[in-house]
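J.: Below is a structure I'd like to ask you about.
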Amino acid sequence: MQKRFLRDLEVSSIGFGCMGFSHGYGSGPDKQESIQLIRGAYDLGCTFFDTAEVYGNGHNEELVGEALNPIRDNVVLATKLFIDSETEANSIEQLEQSIRKHLDASLKRLGTDYVDLYYQHRVNKDIPVEDVAHVMGKLIDEGKIRGWGQSQSTEEEIRRAHAVTPLTAIQSEYSIMERMFEKDVIPACEELGIGFVPFSPLASGFLSGNISKDTKYTGDDVRRVITRFDPESVEANQPLLDLLTQFAEAKEATPAQVSLAWMLHKGDFIVPIPGSRKLERIQENLGAAEVELTEEEYNQIEEELSNVEIHGNRTDEDIAKLNDL
Ligand SMILES: NC(=O)c1ccc[n+]([C@@H]2O[C@H](COP(=O)([O-])OP(=O)(O)OC[C@H]3O[C@@H](n4cnc5c(N)ncnc54)[C@H](OP(=O)(O)O)[C@@H]3O)[C@@H](O)[C@H]2O)c1
């Protein structure tokens with residue numbers, strides 16, 4: 001697979017999001033099968049793997065760590081931390097201790113002594129980004145992490161943090177159905193030489209075309225509360241799928257592949273991380289790296305997309321409602 005750079009980290013042009021094995025999409029395969037699937041992604045050319053301490057309360061990091069153990073130094077491993085503003089950041093000293101504690105726990109679960117890319121999973125509005133950046137800089141100097149990032153941050157937070165310790169990548173939601181970061185964050189990443197890692201690049205599977213208004217979701221599946229998956233939204237968004245299917249047929253590709261090829265075309269600092277628990281879908285998604293759009297095809301997609309209205313979205317507030325169901 002072709003390679004790209006997230007600042008100075010070389011990764012496959014499409015990565016693999018491992019969250020679904022432990023969190024967010026209902027029950028998944030057992031441990032051995034999950035490990036085989038993660039290794040399967042590597043065998044297909046993927047060298048960039050994404051997890052977080054919060055996915056399954058550490059379960060996902062343990063799983064990903066075990067799966068990647070035999071090939072640890074051949075891959076770029078990203079994980080994320082949440083900082084509790086109330087109990088973990090009452091002073092810069094406490095903030096540093098807290099971040100170190102989170103990182104040490106992640107390293108233990110991952111079974112490694114360094115993380116390639118360590119993200120702040122959400123930027124705490126009451127902790128100065130400069131303070132977090134300062135601590136991340138120390139961890140880089142010590143070799144405990146190779147680079148750092150933020151998730152769902154604003155352009156201002158990116159610029160302020162980057163001025164203290166250069167950011168490696170921003171991981172935020174981005175797909176044909178959610179383009180809010182196009183106006184500021186993505187151009188800022190390009191300008192500053194920061195990688196941009198789209199999460200939910202297939203809009204939680206909607207862009208595969210395999211979702212119908214009758215599809216049912218169970219357990220911790222976020223699609224129970226993402227309004228994009230309301231039956232009315234699924235029906236109302238059908239014109240988008242029709243458009244993608246039409247382009248896909250012309251390219252002998254699938255709608256999921258066209259959706260990923262569309263974002264890959266936008267710049268070589270963009271590296272999406274689709275997630276799946278089925279080998280044929282992992283293969284399909286990673287195969288999108290071979291689907292190259294010409295400038296003309298890309299412009300045509302953009303033009304036609306500008307006439308399509310998107311119904312529903314995905315918000316942290318909606319996802320928090322899952323706890324009450
Ligand atoms: N930073 C953050 O706050 C944040 C938030 C969300 C996610 N993430 C990260 O981003 C990664 C990707 O996000 P995501 O998992 O939401 O991405 P996604 O690829 O947009 O959605 C994954 C869902 O789509 C389905 N799917 C994937 N490829 C498919 C295909 N080719 N055909 C049919 N269905 C397909 C999967 O089903 P099956 O598994 O059943 O195949 C799964 O339910 C996560 O794994 C996680 O590492 C980060």
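J.: For region 12-53, which residues satisfy the criterion of being closer than 22 Å to Ala105 by Cβ, in a loop (DSSP other than H, G, I, E, B) and either near the ligand (Cβ under 9 Å from one of its atoms) or among the aromatic types (Phe, Trp, Tyr) (or both)?
T.: Matches in region 12-53: Cys18, His23, Gly24, Thr51, Ala52.
Okay, residues lined up against (1) more than 27 Å from Gly195 (Cβ to Cβ); (2) without any contact (Cβ under 8 Å) to a residue 40 or more places away in the chain; (3) loosely packed, with under 15 Cβ neighbours inside 10 Å:
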| residue | (1), (2), (3) |
| --- | --- |
| Asp230 | yes, no, no |
| Leu241 | yes, yes, no |
| Glu249 | yes, yes, yes |
| Asn285 | no, no, no |
| Ala288 | no, no, no |
| Glu292 | no, yes, yes |
| Ile301 | no, no, no |
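J.: Kindly indicate which of Ile127, Ile170 is of a type in the set (A, V, I, L, M), touching a helix residue (DSSP H, G or I) at 6+ places or on another chain (Cβ under 7 Å), within 19 Å of Asp84 (Cβ to Cβ) and touching a residue at least 24 places away in the same chain (Cβ under 8 Å).
T.: That would be Ile127, the only listed residue that is of a type in the set (A, V, I, L, M), touching a helix residue (DSSP H, G or I) at 6+ places or on another chain (Cβ under 7 Å), within 19 Å of Asp84 (Cβ to Cβ) and touching a residue at least 24 places away in the same chain (Cβ under 8 Å).
J.: Separate question: Can you tell me which residue in region 183-202 is nearest to the ligand (Cβ to nearest atom), limited to those that are in contact (Cβ under 8 Å) with a residue 60 or more places away in the chain and in contact with a helix residue (DSSP H, G or I) (Cβ under 8 Å, 6 or more places away or on another chain)?
T.: Leu202
J.: What single numbered condition from (1) under 25 Å from Val54 (Cα atoms); (2) away from the ligand (no atom under 16 Å from the Cβ) fails to hold for Arg159?
T.: (1)
Let's see how each residue does on (1) crowded, with 24+ Cβ neighbours inside 10 Å; (2) over 18 Å from the mean Cα position of the chain (by Cα); (3) at positive phi:
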site: His134; (1), (2), (3): no, yes, no
site: Asp141; (1), (2), (3): no, yes, no
site: Val164; (1), (2), (3): no, yes, no
site: Thr168; (1), (2), (3): yes, no, no
site: Glu178; (1), (2), (3): no, no, no
site: Glu182; (1), (2), (3): no, no, no
site: Cys189; (1), (2), (3): yes, no, no
site: Asn210; (1), (2), (3): no, yes, no
site: Val222; (1), (2), (3): no, no, no
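Where a number appears in this text, it was derived from the coordinates with a stated rule and is not lab data. All values derive from a computational prediction rather than experimental measurement. A quick note on method: Cβ atoms are made from the backbone with ideal geometry, for glycine too, and the neighbour counts reach across all protein chains shown.
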